[in-house]
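Before any comments, here is the structure.
The values are calculated or read from the model by the stated rules, or taken from the named source; none is laboratory data. This one's a predicted model, so the numbers in the text were calculated from it and none came from an experiment. Quick reminder, even Gly has a Cβ in these numbers, built from the backbone with ideal geometry, and neighbours come from all protein chains shown. With ligands, DNA and RNA removed, areas are computed over all heavy atoms of the protein, side chains included. Shrake-Rupley method; radii C 1.70, N 1.55, O 1.52, S 1.80 Å.
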Amino acid sequence: MKIVVMSDSHGDKETVKAVSALQADAFFHCGDSELSWDDPVLQNIHIVKGNCDRDERFPDSVIIQVGGKKIWMVHGHEHDCKRTMLPLYYGAQEIGADIVLFGHSHSYAAELREGILFVNPGSTLLPRAGNQPSFAEIEWDDGYRIHFKNMDMEPIITAEMKNIAN
């Protein structure tokens, strides 16, 4: 299975269009698209409302099954994700999520905590912390492979993670 995740595109339709043209089983946008809910470029993309989105039709969160994994997506601003992962971690436990997707910080990151994969794809337009504009491709079978890529579709870094049972 392979999903593509982007976030914080802040009105840039061209990057959303380019990333959503890739091959994947599902596409996700973690908010702050600053587009309208019914914009054609968002068709076939699971998307949530970010703190800069004004269209009230975007949901605050999405829970969906893809390839046997329960995915929970939020923007992250309501979960204090810039300071701590605990609200996301506790929320994921309550929901029974296998994968948590979030944005807001504009910095890409991935962490596997007690069998739950947390991924922030960074920002496709306005990265922070000296990073390049980015998005993430997540693949899984017996483990996870997270490929962070720049907007030229070139790899920035790849992380491989496996849950180790006690």
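Return only the number of the condition from (1) crowded, with 22+ Cβ neighbours inside 10 Å; (2) in contact (Cβ under 8 Å) with a residue 40 or more places away in the chain; (3) on the phi < 0 side of the Ramachandran plot that H104 does not satisfy.
The failed condition is (3).
Could you look through the stretch 17-48, keep only residues that are part of a loop (DSSP other than H, G, I, E, B) and polar (S, T, N, Q), and pick out the one that is nearest to the chain's Cα centre (by Cα)?
Selected residue: S33.
Keeping to the stretch 48-84, report how many residues are modelled with pLDDT of 95 or more, open to solvent by less than 20 Å² (accessible area, probe 1.4 Å) and in contact with a Pro (Cβ under 8 Å, 6 or more places away or on another chain).
Qualifying residue count for the region: 1.
So, of the residues in the stretch 4-16 that are acidic (D, E) and in a loop (DSSP other than H, G, I, E, B), which turns out to be farthest from M73 (Cα to Cα)?
Top of the filtered list is D12.
Of E94, E78, E111, E56, which residue is within 13 Å of the chain's Cα centre (by Cα) and farther than 24 Å from A18 by Cα?
After applying the criteria, what remains is E111.
When you look at S33, is it in contact with an Asp or Glu (Cβ under 9 Å, 6 or more places away or on another chain) and polar (S, T, N, Q), yes or no?
Against the criterion (in contact with an Asp or Glu (Cβ under 9 Å, 6 or more places away or on another chain) and polar (S, T, N, Q)), S33 qualifies.
In the stretch 115-140, what count of residues is obtained for those that are free of Cβ contacts under 8 Å to residues at least 40 places away in the same chain and of a type in the set (D, E, K, R)?
The number of residues fulfilling the criteria is 1.
Determine, yes or no, whether S36 is out of contact with any helix residue (DSSP H, G or I) (no Cβ under 8 Å at 6 or more places or on another chain) and free of Cβ contacts under 8 Å to residues at least 24 places away in the same chain.
Here the answer is yes, as S36 does meet what is asked.
One residue is enough: does the stretch 28-35 have a residue meeting the conditions modelled with pLDDT of 95 or more, open to solvent by less than 60 Å² (accessible area, probe 1.4 Å) and polar (S, T, N, Q)?
yes
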